[in-house]
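The values are calculated or read from the model by the stated rules, or taken from the named source; none is laboratory data. Owing to the predicted nature of the structure, the values given are computational and were not obtained by experimental measurement. Methodologically, a virtual Cβ is constructed for each residue, glycine included, from the backbone with ideal geometry; neighbour enumeration extends over all protein chains shown.
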Amino acid sequence: MKDKLDRLWAPWRMEYIDSVLKQPGGCFLCEAVNSGNDSERLILHRAELTFLIMNLYPYNNGHLLVVPYRHVGELDDLTGEELSEIGELTRKAVRWLDRAFHPDGYNIGLNLGRTAGAGLPGHIHYHIVPRWDGDSNFMPVLGCVKVISEGLAATYARIKKAIEEDS
Ligand SMILES: [Zn+2]
């Protein structure tokens, strides 16, 4: 099942995803922030202490991550200001996703530690996963990949447009 799902994902894979993930020991979130190319790295918005980026391996179309710039892994490492801005950016991200995709709902949350499914335990990040009525029929088990109805670049462009219309 997993092999089949991974193959289905292949048409949407962008070359840089492979190049980023092959870098040993790197933190793709820190690398994305420092790359100087927000659109290539799928960074949608930079706030003062946190930023909004698309998940390279989305569970659903429009799956976003809210991330502090600082490379810290635990809730206790976050300052009050960072926590507050994470809340504010999450609120904005939902507004932008509403505008771009009109989902029926959201799962928003945190995977702390590898056991809980965190792919990158060293750099804390909040997931925002848009949900549509009936999509649970197709939701994969954790870590599996399914077909996404739009490519990452098309999704990026659509959310960017929603951000611009909102500001
Ligand atoms: Zn990092």
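List of remarks:
- Just one of (1) part of a loop (DSSP other than H, G, I, E, B); (2) more than 18 Å from the chain's Cα centre (by Cα); (3) at pLDDT 95 or above fails for residue 25. It is (3).
- Residues being out of contact with any Ser or Thr (no Cβ under 7 Å at 6 or more places or on another chain), at pLDDT 90 or above and under 16 Å from residue 61 (Cα atoms) are entirely absent from region 82-90.
- In this structure, residue 20 does not satisfy being assigned to a helix (DSSP H, G or I), of a type in the set (A, V, I, L, M, F, W, C), at pLDDT 90 or above and within 14 Å of the ligand (Cβ to nearest atom).
- Residues within region 80-119 that are surrounded by fewer than 18 Cβ atoms within 10 Å (Cβ to Cβ) and in a loop (DSSP other than H, G, I, E, B), tallied: 8
- Some residue of region 51-58 being at pLDDT below 95, of a type in the set (Ser, Thr, Tyr), within 16 Å of the ligand (Cβ to nearest atom) and in a loop (DSSP other than H, G, I, E, B): no
- For region 36-45, a residue qualifies if it is surrounded by 14 or more Cβ atoms within 10 Å (Cβ to Cβ) and either within 15 Å of the ligand (Cβ to nearest atom) or touching a residue at least 24 places away in the same chain (Cβ under 8 Å) (or both), and the qualifying residues are 40, 41, 42, 43, 44, 45.
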